[in-house]
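Visitor: Before we start, here is the structure in question, set down as structure tokens.
The values are calculated or read from the model by the stated rules, or taken from the named source; none is laboratory data. Since the structure is predicted, the reported quantities are computational estimates derived from the model, not experimental observations. Virtual Cβ from ideal backbone geometry, glycine too; neighbours counted across all protein chains shown. We work out accessible area using only protein heavy atoms, side chains counted, and drop any ligands, DNA or RNA first. Shrake-Rupley method; radii C 1.70, N 1.55, O 1.52, S 1.80 Å.
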Amino acid sequence: MEDLIKKAAQDLANAQYAIALSGAGISTESGIPDFRGPSGVWTKDPEAERRAYQSYGKFLENPKEYWEERLRAPSLLGDLEKTQPNPGHLALAELEKMGKLKSVITQNVDGLHEKAGTKNLIEYHGSYFKLRCSKCGLRIGSDEIDLQELNRKGELPPLCRCGGVLKWDVVHFREPIPEDVARRSQEEAWKCDLMLICGTSAVVYPFAQLPFLARKRTIEKQTTTESGLHVVKRAPATTIIEINAEPTPLTQEGISDYLIQGKTGRILPAIVEQVKRIRT
Ligand code: NAD
């Protein structure tokens, strides 16, 4: 594993436009369960997954009931207000500060990348702490609206200043990814020459398409044959590295170049240390 950590640091140091993708696995060391790992929420309670499939339909059908249910239901991920970023989140924020990482695209809704200090952050599945207008797309902080008070007064669902109905920003199953987020993520995936994929089972689509998109881009690379001939060939433009507790379909289908198997909270800080050594 130590050799792979050094290799990843060298790849990062060489990259011109590195980005990171993250999933629930990066937050397990902050005490938030993932969904599909051995102690995941869906692994332990498949019925909760079935219910989650109904949320978006409920919002479209009856937004008042959707909000009433949402205010009653306990959070599947625990008390996210209290959770703190772990060394994995902090390492990604540090790489950005060092100029080695251009953006983070996360599936997580827990706000921990932001708490860790990542600035250029795309929250692909929205944020637990925001509401989004279903008409104009405006996001507002959930602390800007007293939802319990609206509930008491029978004034749910909350409305945007444009008149549209506000939905929780978290993207539910069957809900389309907001257009601005989908577009920015695709641009980043297409542009990057290094993609660091941290703590995701890579089975949730369309997020899991981003590595496939990055893999499609090729560039011309010149090599010299033994006889001294210069040959120009098309080669993959992006190095794709996974850091995950277990292999994923990206590993199995050869989409990633290599997997560093283990915990993001240990591996990412070790990579940062190596990058610092290369730079000094
Ligand atoms: P997932 O649960 O499907 O997969 C998590 C992966 O991370 C698994 O392969 C697991 O083995 C691995 N893992 C767990 N702990 C790890 C660690 N410390 N280091 C390295 N790897 C580790 O998660 P997903 O792929 O992100 O998909 C789940 C969906 O559910 C996401 O779309 C996300 O929106 C949502 N979700 C979010 C949170 C959160 O915001 N923290 C938590 C659970 C689920």
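Visitor: So is Leu95 within 24 Å of Asn14 (Cα to Cα) and outside any helix (DSSP H, G or I) or not?
Guide: Spelling it out, it is not the case that Leu95 is within 24 Å of Asn14 (Cα to Cα) and outside any helix (DSSP H, G or I).
Visitor: Looking for something within 13 Å of the ligand (Cβ to nearest atom) and in contact with a Phe, Trp or Tyr (Cβ under 6 Å, 6 or more places away or on another chain) - is there at least one such residue anywhere in segment 88-101?
Guide: Within segment 88-101, not a single residue is within 13 Å of the ligand (Cβ to nearest atom) and in contact with a Phe, Trp or Tyr (Cβ under 6 Å, 6 or more places away or on another chain).
Visitor: Checking Gln16 against (1) among the polar types (S, T, N, Q); (2) more than 13 Å from the ligand (Cβ to nearest atom); (3) under 16 Å from Asn244 (Cα atoms), which test does it fail?
Guide: Unmet for Gln16, out of (1) among the polar types (S, T, N, Q); (2) more than 13 Å from the ligand (Cβ to nearest atom); (3) under 16 Å from Asn244 (Cα atoms): (3).
Visitor: Can you run down the residue pairs with Cβ atoms below 6 Å, 6 or more apart or on separate chains, where the first is in segment 235-252 and over 15 Å from Met195 (Cβ atoms) and the partner is in a strand (DSSP E or B) and near the ligand (Cβ under 10 Å from one of its atoms)?
Guide: Between residues of segment 235-252 that are over 15 Å from Met195 (Cβ atoms) and residues that are in a strand (DSSP E or B) and near the ligand (Cβ under 10 Å from one of its atoms), there is no close pair.
Visitor: Additional query: Any residue at all in segment 88-107 that is touching a helix residue (DSSP H, G or I) at 6+ places or on another chain (Cβ under 8 Å) and either more than 25 Å from Ala245 (Cα to Cα) or of a type in the set (Asp, Glu) (or both)? Let's see the steps before the verdict.
Guide: Of the residues in segment 88-107, the ones touching a helix residue (DSSP H, G or I) at 6+ places or on another chain (Cβ under 8 Å) are 88-95, 98, 100-107.
Adding the requirement that they be either more than 25 Å from Ala245 (Cα to Cα) or of a type in the set (Asp, Glu) (or both) leaves 94, 98.
Yes, because at least one residue in segment 88-107 is touching a helix residue (DSSP H, G or I) at 6+ places or on another chain (Cβ under 8 Å) and either more than 25 Å from Ala245 (Cα to Cα) or of a type in the set (Asp, Glu) (or both).
Visitor: When you scan segment 141-159, how many residues do you find that are of a type in the set (D, E, K, R) and in a helix (DSSP H, G or I)? Walk me through how you get there before you give the answer.
Guide: Residues of segment 141-159 that are of a type in the set (D, E, K, R), as a first pass: 143-144, 146, 149, 152-153, 155.
Still in the list and also in a helix (DSSP H, G or I): 143-144, 149, 152.
Qualifying residue count, segment 141-159: 4.
Visitor: Moving to a separate point now. Just to be sure I understand, how many residues within segment 163-181 are surrounded by 16 or more Cβ atoms within 10 Å (Cβ to Cβ) and not in a loop (DSSP other than H, G, I, E, B)?
Guide: Residues in segment 163-181 being surrounded by 16 or more Cβ atoms within 10 Å (Cβ to Cβ) and not in a loop (DSSP other than H, G, I, E, B): 5 in total.
Visitor: Please verify whether segment 86-100 includes one or more residues that are open to solvent by less than 10 Å² (accessible area, probe 1.4 Å), touching a Gly at 6+ places or on another chain (Cβ under 6 Å), at pLDDT 95 or above and among the polar types (S, T, N, Q).
Guide: Yes, that holds for at least one residue.
Visitor: Then there's this: Considering only residues that are crowded, with 18+ Cβ neighbours inside 10 Å and of a type in the set (A, V, I, L, M), which ones fall in segment 7-60?
Guide: Ala8, Ala9, Leu12, Ala15, Ala18, Ile19, Ala20, Leu21, Ala24, Ile26, Ile32, Val41
Visitor: Go over the candidates Leu80, Leu71, Leu76 one by one and state the one that is within 11 Å of the ligand (Cβ to nearest atom) and within 16 Å of Ser142 (Cβ to Cβ).
Guide: Numbers: Leu71 fails: within 11 Å of the ligand (Cβ to nearest atom); Leu76 fails: within 16 Å of Ser142 (Cβ to Cβ).
Testing whether each residue is within 11 Å of the ligand (Cβ to nearest atom) and within 16 Å of Ser142 (Cβ to Cβ) leaves just Leu80.
Visitor: Quick one: in segment 190-240, which of the residues that are within 16 Å of the ligand (Cβ to nearest atom) and assigned to a helix (DSSP H, G or I) is surrounded by the fewest Cβ atoms within 10 Å (Cβ to Cβ)? Break it down stepwise before answering.
Guide: Taking segment 190-240 and keeping what is within 16 Å of the ligand (Cβ to nearest atom), we get 195-212, 240.
From what's left, assigned to a helix (DSSP H, G or I): 209-212.
Numbers: Gln209: 13, Leu210: 23, Pro211: 24, Phe212: 16.
Checking each candidate, the answer is Gln209.
Visitor: Further question on the same structure: Go through segment 114-135 and give me each residue that's crowded, with 22+ Cβ neighbours inside 10 Å and near the ligand (Cβ under 10 Å from one of its atoms).
Guide: Within segment 114-135, Glu123, Tyr124, Gly126, Ser127 qualify.
Visitor: Mind counting the residues in segment 21-61 that are assigned to a helix (DSSP H, G or I) and either away from the ligand (no atom under 12 Å from the Cβ) or free of Cβ contacts under 8 Å to residues at least 40 places away in the same chain (or both)?
Guide: Step one: filter segment 21-61 for residues assigned to a helix (DSSP H, G or I), giving 24-30, 41-44, 46-52, 55-61.
Retained after the next criterion (residues that are either away from the ligand (no atom under 12 Å from the Cβ) or free of Cβ contacts under 8 Å to residues at least 40 places away in the same chain (or both)): 41-44, 46-51, 55-61.
Residues that pass the stated criteria total 17.
Visitor: Of the residues Gly254, Gly262, which single one is surrounded by fewer than 21 Cβ atoms within 10 Å (Cβ to Cβ) and within 21 Å of Leu112 (Cβ to Cβ)? Spell out the reasoning first.
Guide: On the way: Gly254 fails: within 21 Å of Leu112 (Cβ to Cβ).
Going through Gly254, Gly262 in turn, the sole match is Gly262.
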